[in-house]
Each structure stands twice: as structure tokens, then as C-alpha cells.
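Data first, discussion second: the structure below is written as C-alpha cells.
The values are calculated or read from the model by the stated rules, or taken from the named source; none is laboratory data. Keep in mind that what you see is a predicted model, and the values were worked out from it rather than measured. Methodologically, a virtual Cβ is constructed for each residue, glycine included, from the backbone with ideal geometry; neighbour enumeration extends over all protein chains shown.
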Amino acid sequence: MRVTHVVPALFGPDGVVGGAERYALELARAMSERTETTLVTFGDAAAQRTEGRLVIRILGGPWLVGGQRANPIAPGLFAALRDADVIHCHQQHVVASSAAALFGRLTGRRVFVSDLGGGGWDVSAYFSTDRWYAGHLHISAYSRHVAGHDGNPSARVILGGVDTVRFAPDSAVACTGAALFVGRLLPHKGVDDLLRAVPADLPVEIVGPAPDARYLADLHALAVGKTVRFRHDCDDAALVAAYRGAACVVLPSVYRGMYGGETPVPELLGQTLLEGMACGLPAIATRVASLPEVVDDGVTGFLVPPNDPEALGERLRWVRDHPAEASAMGAAGRARVLERFTWDRVVDRCLDAYAAA
């Protein structure tokens with residue numbers, strides 16, 4: 001079986017450093033160890049290279065539909081799909097995925113799609129393209145639900161994965177005692193609630209890009225008088241070290257941000273929770289969207305109500321004051337990741353879905 005994955009941008013400094021891009025790349029890498037796999041994406045210049053057994057093809061000079069960077073299309077797309085038996089698109093609501101789906105129907109290839117959030121202008125804004133795909137492979141039960149696919153037999157939950165060799169505990173790394181947040185600094189991530197919640201004597205480390213200057217300035221104001229470190233340029237090695245040294249990983253996402261804006265779908269998975277749990281950390285998250293599928297409340301960490309700094313602060317203090325119990329939660333979290341959230345498990349679910357279609 002020859003599988004081709006299609007994603008609007010490649011993960012990394014020459015593409016986009018985002019969760020959706022990382023998901024597609026990591027899944028394709030893991031799948032390439034099991035079957036012939038190509039990752040097709042778009043960039044400024046055409047290129048082809050291999051990473052291990054994975055072939056990466058970059059289609060250069062794409063047209064950005066509606067000027068949207070996340071919505072590229074290039075004439076070479078169909079040629080790049082000709083050798084595939086199965087096509088797996090990452091992002092449904094972009095022109096490249098709709099084009100790949102039509103190509104698959106015309107040529108007898110099975111085309112699947114995973115919604116990783118985001119998108120752009122597409123014909124799917126005017127009518128449903130759901131039936132253009134042989135299957136919808138959702139990264140959480142929540143994703144399947146918000147897509148309206150609960151009763152759709154072609155919609156499966158494949159979850160997400162973690163490289164549990166790279167993201168693993170290391171007893172040689174000294175614990176900083178910090179509560180760690182990893183992700184883009186945007187209002188729906190609820191980092192302002194974390195800073196309101198944290199006691200002055202409990203350190204916080206905030207890792208991730210800051211695309212919203214206003215929000216970043218307000219976060220710095222909330223951090224005054226507290227032990228908070230902002231880091232916006234961590235590579236993977238620094239990120240793993242941050243996880244290994246932390247006391248817990250926190251994802252306080254919200255539906256309503258501090259400026260009153262609504263985000264109906266704040267989290268489709270919660271990848272940073274999985275990475276922290278793989279490193280042996282207890283996880284603290286809000287009870288929103290997909291996060292209750294990741295954190296087993298009271299076993300691998302805690303779930304708290306969104307927009308509730310008091311409840312969040314209580315759990316942060318508990319982790320600080322109960323190190324042995326918190327360590328046991330972290331061990332349970334890593335066991336949960338090894339059982340359900342490895343890339344090998346995700347590949348198993350994908351290959352089963354491909355074969356069943």
C-alpha cells in the first residue's frame with residue numbers, strides 16, 4: 001500500500017511551527033516504517049528529500065487561495081498523487097484537499113481526511129464535501145462530534161501520538177518545580193488564568209510563540225511580582241528539557257478569552273498535554289473540548305472548570321505540596337500515553353481504516 005499524505009505546510013523553521021503541521025509529519029514518519037509513504041506539501045521552492053524512509057515532496061510557488069497562507073494549491077499536486085493507492089489529507093476545508101478528493105474519486109483512489117483545525121476558503125463553505133472522502137479520521141471523539149459525524153460509519157477516531165523515546169522522563173534532570181505551559185500565546189489558551197492562579201512562590205515557565213502583541217503585554221503585566229519565565233524560541237531539545245524539569249504541565253484553554261472573544265472549538269486534541277504526560281508529568285487542564293479525553297481526572301492529573309483561576313490555583317498548590325502523589329500521577333500519565341497515544345497506535349488505526357474502506 002502506497003500512502004501519500006497532503007498538508008498545506010511542512011512543519012519546521014522553513015514552514016510552519018504548528019501542531020497540525022507536526023501531527024502530519026510525525027504520522028507520516030511513523031507510517032513510513034510500515035508502508036511506502038510520501039508527504040506532499042507546499043513551499044516557496046520545489047524540493048524533494050527523504051527523512052529515514054519517508055519521502056517529502058514540496059510543491060514550489062503555490063497559489064495562495066484568497067491570499068491565505070494556509071490554503072495553497074499548485075499545478076503539480078495531481079502528478080504528486082499519481083503513485084498513491086491511498087491519499088490522506090490533513091485539513092478538510094482547503095482547496096488542495098477538495099481537489100485531492102475529486103482526483104481520488106475520478107481515478108479510483110481512496111481519499112481520507114483529518115481535521116486538524118484551521119482552514120480557508122473552499123467549496124465546502126457552500127455545500128458539504130463529506131461524501132467526497134472514503135473516511136474521516138478524527139483526532140478525538142470531540143472532533144468527530146463537532147463535525148457532526150457521531151453517526152457516520154466512515155468517521156473513526158484515530159487520536160494523536162507522541163514520540164515516547166524523545167518525550168520521556170530523565171531522572172538526571174533536576175526538577176525546577178515549575179508549572180509549564182507550552183503552546184501559542186493566544187487568548188483562548190487561557191494563559192492569563194494561569195498567571196492569575198499561580199501563587200507567588202510557585203515558578204511558571206511559558207513556552208511558545210507570541211503572535212498577539214497585546215495579549216503578550218497583558219501576560220507580562222499579570223506576571224509582575226511572580227516567578228514567571230517566558231521563552232519564545234525553544235527548539236525540540238530545549239522543549240523536551242523543559243518538560244523533564246517541570247513539576248506539571250498545564251493547558252488552561254477556554255471558550256471565552258479575557259477580551260470576551262469566543263472560540264467554539266479551542267482544542268481538538270491537546271498535544272502538549274500528551275508530551276508532558278509522556279515525560280512523566282501530572283497534567284492540569286480545563287474541562288473543555290477534547291481535554292477530558294486526554295486527562296483522567298484524579299488519576300493522571302486534574303480537570304478544572306474554565307475561567308476559574310481559583311480552582312486552577314488550588315490544583316497547582318496541591319501538586320506543589322504533594323510531590324509523591326504528583327509523581328505517581330505522572331507515572332500513570334506516561335502509562336496512559338504508552339497504551340493509547342503512541343504514533344504506532346495511530347498508524348494501526350489509520351491502516352485499519354484504509355483497509356476497511
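Quick rundown of the values:
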{"read-out": "Positions within region 158-186 being in contact with a Leu (Cβ under 9 Å, 6 or more places away or on another chain) and surrounded by fewer than 17 Cβ atoms within 10 Å (Cβ to Cβ), in sequence order", "value": "P169, G177"}
{"read-out": "F103 vs. criteria assigned to a loop (DSSP other than H, G, I, E, B), over 24 Å from the mean Cα position of the chain (by Cα), within 23 Å of Q68 (Cα to Cα) and of a type in the set (A, V, I, L, M, F, W, C)", "value": "no"}
{"read-out": "Residue in region 281-290 that is over 19 Å from the mean Cα position of the chain (by Cα) and either crowded, with 23+ Cβ neighbours inside 10 Å or assigned to a helix (DSSP H, G or I) (or both) present", "value": "no"}
{"read-out": "Residue in region 51-61 that is touching a residue at least 60 places away in the same chain (Cβ under 8 Å) and not β-branched (V, I, T) present", "value": "no"}
{"read-out": "Test: residue in region 265-279 that is surrounded by fewer than 18 Cβ atoms within 10 Å (Cβ to Cβ) and under 25 Å from L116 (Cα atoms)", "value": "yes"}
{"read-out": "Region 67-82: number of residues that are of a type in the set (K, R) and at pLDDT below 95", "value": "1"}
{"read-out": "Which listed residue, of L351, L312, is in the same structural domain as P199 (by TED's automatic domain parsing), assigned to a helix (DSSP H, G or I) and modelled with pLDDT of 95 or more", "value": "L312"}
{"read-out": "Enumeration of residues in region 124-155 that are out of contact with any His (no Cβ under 9 Å at 6 or more places or on another chain), surrounded by 15 or more Cβ atoms within 10 Å (Cβ to Cβ), assigned to a loop (DSSP other than H, G, I, E, B) and of a type in the set (S, T, Y)", "value": "Y133, S140"}
{"read-out": "G313, sole failed condition from (1) under 24 Å from the mean Cα position of the chain (by Cα); (2) surrounded by 15 or more Cβ atoms within 10 Å (Cβ to Cβ); (3) of a type outside the set (A, V, I, L, M, F, W, C)", "value": "(1)"}
{"read-out": "Where V182 falls short, out of the listed (1) farther than 18 Å from G313 by Cβ; (2) free of Cβ contacts under 8 Å to residues at least 12 places away in the same chain", "value": "(2)"}
{"read-out": "Filtered residues of region 190-206 (kept if surrounded by fewer than 24 Cβ atoms within 10 Å (Cβ to Cβ) and assigned to a helix (DSSP H, G or I))", "value": "D192, L195, R196"}
